[in-house]
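Quick notes on the structure that follows.
The values are calculated or read from the model by the stated rules, or taken from the named source; none is laboratory data. Source: prediction; values computed, not measured. Please note: Cβ atoms are built from the backbone with ideal geometry, for glycine as well, and neighbour counts cover all protein chains shown. The area values use the complete protein model at the heavy-atom level, side chains included, leaving out ligands, DNA and RNA. Shrake-Rupley method; radii C 1.70, N 1.55, O 1.52, S 1.80 Å.
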Amino acid sequence: MADDWEQVVAPGPTAGLTGTPARPLDAIDRDILRILQTDGRASIRSVAERVHVSRANAYARINRLIDDGVIRGFSARVNHERAGHGASAYITLKIVQNSWRTVREQLQALPGAAHIALVSGDFDVLLLVHTPDNRTLRELVLTKLQSIPEVLSTRTLLVFEETDLDPDHRATGH
């Protein structure tokens, strides 16, 4: 069943970079997104049956969502602690003005970097990292992050517990 999925799974390097605005999403597109967010391994056949369209229609819609950059890729939700990353933290950074692109490249290369966001407010960047332990986290902050010349200051917020919200939970509020 998943065989027909392999053609869709890996968007090419230009996926979502068409230069044209994404087309509006209808109820079927939103249902497809919800299904794939819950189970990224769902087959085209399964998706088509659940949204009541033909396989060809589901395949075309998923490809359009990929081409438009609505779907950026497919991944697994990982329990970081069970995967050997027992320490997680959000790290806020203040950076030199106009250095975002340079800093982002350096942050992407950090081991354990999971999410990077340019934000507004009291700091400039929010970085989520997962490391094997607190010692490794300390080294990442004190040795790697603070050695980046454009990083003016950091603040580390340890994550004690985290919960991924699935699309059904977000949609219903339960």
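Quick look at the values:
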{"item": "The range 55-174 - percent of accessible surface contributed by carbon and sulfur, probe 1.4 Å", "result": "47 percent"}
{"item": "Förster radius 22 Å - calculated FRET efficiency between R77 and R50, Cβ distance, rounded to 0.05", "result": "0.65"}
{"item": "Cα gyration tensor, the range 68-116 - rounded (a/c under 1.5), prolate or oblate", "result": "oblate"}
